[in-house]
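Student: I have a structure here, written as structure tokens, and I will follow up with some questions on it.
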Amino acid sequence: AIPYKGRTTGKWLGYSTMAASVIAVGQKADAQIFSVDVDPDSVLVNAVFDVDFDGDNIGDILILHATSNGATVVAEEVPVGNAVMGSVSGVYLYPHVLDAGAPIGPEQTNFASQNGTLALVYQGANLYGNWDGQNGYIGCRFVAGDGLAHYGWIQIAVASLSTTATVLAYGYEAMPNTAINAGGMGAAGIDEAGRNAFQ
């Protein structure tokens with residue numbers, strides 16, 4: 001398993017070797033929305049991408065891709081206190097594929113504070129998850145550096161049969177307990193220095 005900020009990624013992450021993607025990204029700010037266009041896009045193959053929404057050097061959501069013994073998984077891991085929008089079946093969370101503009105905020109009740117499977121492919125068939133061959137947004141709730149709950153989104157594209165998972169962009173609402181729409185970036189803002197998305 002991979003050491004991650006002083007903890008170990010979950011049970012099903014004991015797949016074969018994984019590499020950390022170090023991606024320089026640019027951040028834009030406008031009004032209360034902060035967004036990051038991951039440029040170049042982070043294409044994950046047996047790799048992880050740590051989304052640090054507010055740039056406080058504390059990972060908020062981990063996106064990973066792993067293959068082993070004919071199986072490929074695309075998954076997310078959330079630290080305690082954070083959550084993603086999805087449906088729970090038994091003990092498993094399957095994050096929703098949100099369309100651009102979908103609301104993400106306190107009014108939504110389908111947040112779950114657990115690791116989830118975006119897609120699990122085995123011998124050419126997608127067995128679990130909603131994301132195989134999809135491009136969309138994950139709705140997120142996280143505790144920011146101010147100690148309060150904030151809402152955000154991550155844009156991800158998962159290739160057919162989950163051969164790759166690509167992190168395209170992410171953003172969040174800087175006002176605590178305030179909704180944001182999936183893909184919401186606000187107007188063009190101030191370009192700031194790039195920072196590493198995985199440290």
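Student: Of these, 129, 147, which one is closer than 22 Å to residue 108 by Cα, of a type outside the set (Val, Ile, Thr) and either open to solvent by less than 40 Å² (accessible area, probe 1.4 Å) or touching a Cys at 6+ places or on another chain (Cβ under 8 Å) (or both)?
Tutor: It is 129.
Student: Restricting to segment 113-126, what's the tally of residues that are farther than 10 Å from residue 74 by Cα, in contact (Cβ under 8 Å) with a residue 24 or more places away in the chain and either surrounded by fewer than 18 Cβ atoms within 10 Å (Cβ to Cβ) or more than 14 Å from the chain's Cα centre (by Cα) (or both)?
Tutor: Final tally of qualifying residues: 6.
Student: Under 9 Å between Cβ atoms, which residue pairs at least 6 apart in sequence (or on different chains) link something in segment 65-90 that is open to solvent by 50 Å² or more (accessible area, probe 1.4 Å) with a partner that is aromatic (Phe, Trp, Tyr) and part of a loop (DSSP other than H, G, I, E, B)?
Tutor: Here the result reads 69/15, each pair linking segment 65-90 to a residue that is aromatic (Phe, Trp, Tyr) and part of a loop (DSSP other than H, G, I, E, B).
Student: Moving to a separate point now. Residue 60: among the charged types (D, E, K, R), closer than 21 Å to residue 106 by Cβ and in contact with a strand residue (DSSP E or B) (Cβ under 8 Å, 6 or more places away or on another chain), yes or no?
Tutor: yes
Student: Since residue 130 meets every condition but one in (1) at pLDDT 95 or above; (2) within 26 Å of residue 33 (Cα to Cα); (3) part of a loop (DSSP other than H, G, I, E, B), which condition does it not meet?
Tutor: Result: residue 130 passes all but (2).
Student: Looking at segment 164-196, which of its residues are assigned to a strand (DSSP E or B), over 30 Å from residue 124 (Cα atoms) and modelled with pLDDT of 95 or more?
Tutor: 171, 172, 173, 180, 181
The values are calculated or read from the model by the stated rules, or taken from the named source; none is laboratory data. Small disclaimer: the values here were computed from a predicted structure and weren't measured. In this analysis, Cβ positions are derived from the backbone assuming ideal geometry, glycine residues included, and neighbour counts consider all displayed protein chains. SASA here: full protein model, heavy atoms, side chains in, ligands and nucleic acids out. Shrake-Rupley method; radii C 1.70, N 1.55, O 1.52, S 1.80 Å.
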